[in-house]
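Visitor: Below you'll find the structure I mean.
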Amino acid sequence: QVHLVESGGGVVQAGGSLRLSCAASGLILSSRTMAWFRQAPGKEREFVAHIFASSSTTSTADSVKGRFTISRDNAKNTVLLQMDSLKPEDTAVYYCAAHAGGAVRASSSYYYWGQGTQVTVAS
């Protein structure tokens, strides 16, 4: 049985930083393309960043480019999201997900999801 568990969320002032972690059981994350998505109240879930399994090539959404970095810690079987220069509009529940196939920026392409971790950025 696969479980993804996010942690590291919290409340931070604008301009601050947080690092989110996604730990897995029942799944070797280094063999999977993984992504972070987020969902703000009243909005659809949106892509944040992804990392390919084979090459560790990454991409980020334009809204977070240059501020957020996705990476892996294979020894700990985790995927990380370093978030710097946070803005109030980054406030959302952040989810990690394991890719099943298809477009890497589409939430429908992911079949395992964590429960999410809340990030709140105060202005």
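Values quoted throughout were computed directly from the atomic coordinates according to the rules given, and no laboratory measurement underlies them. These figures come from a predicted structure and were not determined experimentally. Note: ideal-geometry Cβ built from the backbone for every residue, glycine included; neighbour counts use all protein chains shown.
Visitor: What translational D, rounded to a whole number of µm²/s, comes out for the range 12-81 from Stokes-Einstein when the hydrodynamic radius is the Kirkwood one over Cα pairs, at 4 °C and 1.567 mPa s?
Guide: On the way: Rh = 13.0 Å.
The Stokes-Einstein estimate is 99 µm²/s.
Visitor: Let me ask something else about it. Report the normalised scattering of the range 56-123 as log10 I(q)/I(0) at q = 0.26, 0.27, 0.28 Å⁻¹, calculated by the Debye formula with identical scatterers on the alpha carbons.
Guide: With no solvent term, the Cα-only Debye profile gives -1.45, -1.46, -1.46.
Visitor: With +1 on the Cβ of every Lys and Arg and -1 on the Cβ of every Asp and Glu, and nothing else charged, how large is the dipole of the chain about its Cα centre, in debye rounded to the nearest 20? Don't jump to the answer; show the numbers that get you there.
Guide: On the way: 11 positive and 8 negative charges, 29 e Å.
For the chain, the charge dipole is close to 140 debye.
Visitor: Starting from 0.36 nm per residue, how many nanometres of slack lie between Lys65 and Ala103 once their C-alpha separation is accounted for?
Guide: 11.8 nm
Visitor: If you don't mind, there's one more thing I want to ask. With N denoting the number of residues in the chain, provide Rg(C-alpha) divided by 2.2 N^0.38 Å, to two decimal places. Don't skip to the end; give the middle numbers.
Guide: Working: Rg = 13.3 Å, N = 123, 2.2 N^0.38 = 13.7 Å.
The chain yields a ratio of 0.97.
Visitor: Quick one: dipole size for the range 43-113, taken about the Cα centre, charges +1 on Lys/Arg Cβ and -1 on Asp/Glu Cβ, in debye to the nearest 20. Show your work: numbers first, answer last.
Guide: On the way: 8 positive and 7 negative charges, 22 e Å.
Here the range 43-113 has a charge dipole of around 100 debye.
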